[in-house]
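To keep things clear, I will list the structure first and then write my remarks on it.
The values are calculated or read from the model by the stated rules, or taken from the named source; none is laboratory data. On a predicted model such as this, the values are computed, not experimentally measured, just so you know. Cβ placement follows ideal geometry from the backbone for every residue including glycine, while neighbour counts extend to all protein chains displayed. Accessible surface is based on the protein model in full, side chains and every heavy atom, while ligands, DNA and RNA are left aside. Shrake-Rupley method; radii C 1.70, N 1.55, O 1.52, S 1.80 Å.
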Amino acid sequence: TPSIHTGMFASEDVFKMKASHNGLLHLATHGFYHTSQEALGGSFYRGLYSSNPKAVSDPMYRSGISFAGANRAWRGGRPPQGFEDGILTAKEISLMDMRGSDLVVLSACNTALGHVSKDGIYGLQRAFKKAGANSMILSLWRVDDNATRYMMRCFYINWQIYGMSKYDAFMAAQKQLRNFQGGL
């Protein structure tokens with residue numbers, strides 16, 4: 001049965017506890033990738049990584065997803081003692097064991113962005129792959145909440161109810177979204 005976490009229960013701590021035990025992970029939250037110049041100007045990086053300046057130069061620290069409590073960390077504040085900051089970096093994800101994850105859906109903006117090098121892209125997709133996720137759905141751009149909700153609903157119906165492969169279900173959902181006539 002699905003385990004749904006919202007609001008303050010959608011925390012980084014809960015994700016880290018439960019992520020490796022799920023075949024399907026669907027995260028509808030804020031994703032990010034910052035260039036090193038953007039990172040140098042952000043209070044999050046100045047506050048949390050001031051003791052490790054190399055972290056700002058590592059794109060795996062500059063890419064991630066936000067959970068409950070992240071706003072405090074983005075403003076440079078510290079989390080309550082014993083709790084995570086709410087910002088799960090690609091570096092942290094890459095160190096997790098997610099071999100039980102058949103599909104990771106990051107229904108959020110900019111989750112496929114990262115630093116491009118001769119060795120590939122360093123960001124969330126590399127992190128989840130390194131952690132052992134079998135397949136992923138990510139976005140290269142900002143996404144509209146209503147359009148994304150409609151498309152993901154179509155994807156899951158196509159995949160789970162109509163028995164399409166993940167790829168075919170996603171392609172069909174994209175087509176359904178393009179053909180949708182009505183108020184998104």
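Numbers below:
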read-out: Residues of the stretch 61-76 that turn out to be in contact with a helix residue (DSSP H, G or I) (Cβ under 9 Å, 6 or more places away or on another chain), farther than 13 Å from residue 92 by Cα and not small (Gly, Ala, Ser), as a count; value: 3
read-out: Members of the stretch 82-97 found to be in a loop (DSSP other than H, G, I, E, B), in contact with a Gly (Cβ under 9 Å, 6 or more places away or on another chain) and either without any contact (Cβ under 8 Å) to a residue 24 or more places away in the chain or of a type in the set (Gly, Ala, Ser) (or both), listed by number; value: 86
read-out: Within the stretch 98-184, strands (runs of 3 or more DSSP E) holding 3 or more residues that are open to solvent by less than 80 Å² (accessible area, probe 1.4 Å) and in contact (Cβ under 8 Å) with a residue 40 or more places away in the chain; value: 103-106
read-out: Subset tally (residues that are assigned to a loop (DSSP other than H, G, I, E, B), under 22 Å from residue 141 (Cα atoms), small (Gly, Ala, Ser) and more than 13 Å from the chain's Cα centre (by Cα)) for the stretch 10-40; value: 0
read-out: Among (1) of a type outside the set (A, V, I, L, M, F, W, C); (2) out of contact with any strand residue (DSSP E or B) (no Cβ under 7 Å at 6 or more places or on another chain); (3) not in a loop (DSSP other than H, G, I, E, B) - the single one residue 78 does not satisfy; value: (3)
read-out: All positions within the stretch 1-49 that are open to solvent by 40 Å² or more (accessible area, probe 1.4 Å), modelled with pLDDT under 75 and small (Gly, Ala, Ser); value: 41
